[in-house]
Amino acid sequence: MVDPTTDEGDGEARRHQIAENLTRVRARIAAACVDAGRDPGSVTLIAVTKTYPAADVAHLVSLGVRDVGENRDQEAAPKAAELAAAGIEPRWHYVGQLQRNKSRSVASYASVVHSVDREPLVAALAAARTASAVGVPLDVLVQCSLDGDTNRGGAELSDVPALAAAIAGHPSLRLAGLMAVAPLATDPADAFARLFVASKALRHDHSDATMISAGMSGDLEAAIRHGATHVRVGSALLGTRPPLG
Ligand SMILES: *Cc1c(COP(=O)(O)O)cnc(C)c1O
């Protein structure tokens, strides 16, 4: 059931809980913007709904959230389809590591892909978006590795200019900016500061590539202090996820 207006009992309680969490997260974002001397309207909340059901996405959308993130195509594709069938069409952000063979699926429902970190993926996404029924370019972010450990995804900062140029060369893609996940071992503020420097360098050559996707439930304040335009928040909205099996 994805229509929140037909929820009873548990559905109403869940909606209330999500509404409270959303109020708290929005207050954190607003406070971080005040601290940073930034306009609260300059930061977009992306609700990351992985592991949570389509009904939770419906609650979030009914509460005013327009941007929703997922990290696995196997989960996101059916969720997006189920919601679209109910007339619920948020902007889907694909934030997880992406295999080339999933490009066609992801390009059919996503508005933004945050996780492009190698050239073969650029060509695959460009071809997939062209072949899709979607008439507008796919927004693409270059995911940056901020600790040189690219195993967890992300391109080395030295590879960003070439990747950006490759993306900008495809009419079915739009280079929108940069994304990063803070490394586990370092202070997230240092990492986000490096991301901001990389973003400035990117905007020198690509002035429209203004998105900085950084900050999650635990570190959104530090990300906003260092220029994040989009924060990706999951557990603070929906609860702690069970460990992935
Ligand atoms: C799960 C996830 C998030 C959200 O993380 P929380 O700590 O639950 O807020 C953000 N970004 C990416 C890439 C994710 O996979």
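Numbers below:
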{"item": "Rh by Kirkwood over Cα pairs, then Stokes-Einstein D for segment 131-179 at 1.306 mPa s and 10 °C, µm²/s", "result": "136"}
{"item": "Choice from 47, 128, 85 showing the highest fluctuation, given a GNM over the chain with Cα pairs closer than 10 Å", "result": "85"}
{"item": "Carbon + sulfur, % of accessible area of segment 167-245 - ligands and nucleic acids excluded, 1.4 Å", "result": "58"}
{"item": "MRE, 222 nm, helices only [DSSP H, n ≥ 4, -39500 (n - 2.57), over the chain, to nearest 500]", "result": "-13500 deg cm²/dmol"}
{"item": "For segment 93-155, alpha-carbon Rg over 2.2 N^0.38 Å", "result": "1.08"}
{"item": "The chain: DSSP helices with Cα axial extent of at least 27 Å and average Kyte-Doolittle hydropathy no lower than -1.0", "result": "10-36"}
{"item": "For the chain, built as a Gaussian network whose Cα springs stay under 10 Å, the top-fluctuating residue of 50, 200, 79", "result": "200"}
{"item": "Average accessible surface area per residue within the chain, 1.4 Å rolling probe, Å²", "result": "46"}
{"item": "Percent accessible area from carbon and sulfur atoms, segment 74-141, protein chains only, probe 1.4 Å", "result": "50"}
{"item": "Exposure ranking of 179, 216 by accessible area [1.4 Å probe, largest first]", "result": "216, 179"}
{"item": "Two-decimal log10 I(q)/I(0) for the chain, as the Debye equation yields it once each C-alpha is a single scatterer, q = 0.12, 0.17 Å⁻¹", "result": "-0.67, -1.32"}
{"item": "Qualifying lysines (Cα of each under 29 Å from Cα of residue 50; at least 8 residues distant if same chain)", "result": "79, 102"}
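The values are calculated or read from the model by the stated rules, or taken from the named source; none is laboratory data. This structure is a prediction, so every number in the text was calculated from the model and none was measured. Note: accessible area is taken over every heavy atom of the protein model, side chains too, but ligands, DNA and RNA are not part of it. Shrake-Rupley method; radii C 1.70, N 1.55, O 1.52, S 1.80 Å.
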